[in-house]
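Asker: Below you will find the structure I want to go over with you.
Just so you know, all these numbers are worked out from the coordinates, no wet-lab data involved. What you see is a predicted model; the values in this text were computed from it and never measured. For neighbour counting, all protein chains shown are included, and Cβ atoms are generated from backbone atoms with ideal geometry for every residue, glycine included.
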Amino acid sequence: MTLPSSGQISLSNIRSELSSSGQITLASASLGYYATINTASAQYPNNSAPYSMNEWYGYNQNAVALTSFLMSATGDPDEPSACPLSTDTTYYHNGANAYPQVGDYVYTDSAGNTPFNSAGNYYKVADGNVISTDAFGQVQTQAGCR
């Protein structure tokens with residue numbers, strides 16, 4: 001669960017986000033003593049004094065670093081018919097490569113909150129492939145355009 005981006009944050013909130021137990025100090029939490037600070041989070045503490053509660057606004061211990069890529073905004077139920085589509089919309093994936101591969105997850109937002117569901121259609125990716133995903137955003141099919 002991500003910490004709130006405004007309002008009051010307590011050490012208890014930070015402790016929960018870090019999945020820690022017992023008492024914690026702001027300095028030790030900021031230095032990563034209870035859990036490694038996840039720099040894939042959009043916001044994270046800068047681990048230098050003076051330590052501030054404000055540095056924890058929006059922190060997400062479970063954030064995943066995503067890679068942006070271009071893909072068509074519309075899809076087609078026929079794989080070859082998706083090949084001429086324009087790749088002009090930015091999407092995000094969690095894979096190790098520049099473009100999504102089978103098994104990677106695709107999202108419509110940079111935070112990875114909204115999985116991309118191709119709803120049985122094929123979408124053209126800027127690398128020259130077409131892909132389809134399941135309802136959870138996982139790439140099920142990848143094929144090259146001819």
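Asker: Quick check on the chain: of the DSSP beta bridges with both residues there, what percent are antiparallel, nearest 5%?
Answerer: 95
Asker: Give the distance, in whole Å, between the Cα centre of the stretch 98-112 and the Cα centre of the stretch 32-83.
Answerer: 12
Asker: Which residue, chosen from 131, 111, 45, occupies the Cα position most advanced towards the positive end of the dipole of the stretch 23-146, where the dipole is computed from +1 (Lys, Arg) and -1 (Asp, Glu) charges on Cβ about the Cα centre?
Answerer: 45
Asker: Contact order normalised by length for the chain, with contacts defined as Cα pairs under 8 Å and 6 or more residues apart; what percent is it?
Answerer: So the answer I get is 17 percent.
Asker: While we're on this one: Can you match Rg and Dmax of the Cα atoms in Å to one of these, (i) 15.7, 50; (ii) 14.7, 44; (iii) 19.4, 60, based on a calculation from the structure here?
Answerer: This structure yields the entry labelled (iii).
Asker: What is the stretch 1-63 by shape, rounded, prolate or oblate, if you read a ≥ b ≥ c off the alpha carbon gyration tensor as root eigenvalues and call it rounded for a/c under 1.5, prolate for a/b larger than b/c, and oblate otherwise?
Answerer: Since a/c stays below 1.5, the shape of the stretch 1-63 is classed as rounded.
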